[in-house]
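The values are calculated or read from the model by the stated rules, or taken from the named source; none is laboratory data. Since we're looking at a predicted model, the values are computed, not measured. Virtual Cβ from ideal backbone geometry, glycine too; neighbours counted across all protein chains shown. Side chains included, ligands, DNA and RNA excluded: accessible areas come from the protein's heavy atoms. Shrake-Rupley method; radii C 1.70, N 1.55, O 1.52, S 1.80 Å.
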Amino acid sequence: QVQLVESGGGLVQAGGSLRLSCAASGSIFSRSTMNWYRQAPGKQRELVAAITTGGNANYVDSVKGRFTISRDNGKNTVYLQMNSLKPEDTAVYYCNLDYRASWYTTPERYWGQGTQVTVSS
């Protein structure tokens, strides 16, 4: 069983920065794709950023150039550096771990509890 604990959310003014962290328990972190999702009130949860086991990162268009996802396998931690924040970035941010033992096995997915990010205008 994997537990994910997020931290780093809060209230920030537009144009400011925050760094989210997500610490994972267990031994599969380094072999897992790590994702950050967010969910704003009244909206569906959306994938914001992802980083593969090899360190390749992808972003939703709305955050490209402003957000950076990174990982430290030695600390079992994934980060989301958020710069130039906008009011529309306001949401609960969730960490997600996606592990596949092999290409044909059912993926294991784990979620953190979420951390609130509020950007004031």
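Take the solvent-accessible surface of the protein heavy atoms, probe 1.4 Å, and return the percent of it on the chain that carbon and sulfur atoms account for.
Taking all protein chains in place, the chain shows 47 percent carbon and sulfur surface.
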Measuring with a 1.4 Å probe in the full set of protein chains, what accessible area per residue, in whole Å², belongs to the chain? 53
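When N is the residue count of segment 1-56, what does its C-alpha Rg come to as a fraction of 2.2 N^0.38 Å? List each step's numbers first, then the result.
On the way: Rg = 13.5 Å, N = 56, 2.2 N^0.38 = 10.2 Å.
Cα Rg divided by the expected 2.2 N^0.38 Å: 1.33.
Please report the net charge: other residues with Cβ closer than 14 Å to the Cβ of Leu80, K and R +1, D and E -1. Could you put the intermediate results ahead of the total?
Working: positive: Arg19, Arg38, Lys64, Arg66, Arg71; negative: Glu6, Glu46, Asp72, Asp89.
Residues near Leu80 contribute +1 overall.
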Please get the size of the charge dipole for the chain, origin at its Cα centre, with Cβ charges of +1 on Lys and Arg and -1 on Asp and Glu, quoted in debye to the nearest 20. 80
Let me check the size of segment 42-121 from its C-alpha atoms; what are the radius of gyration and Dmax in Å? 14.0, 47
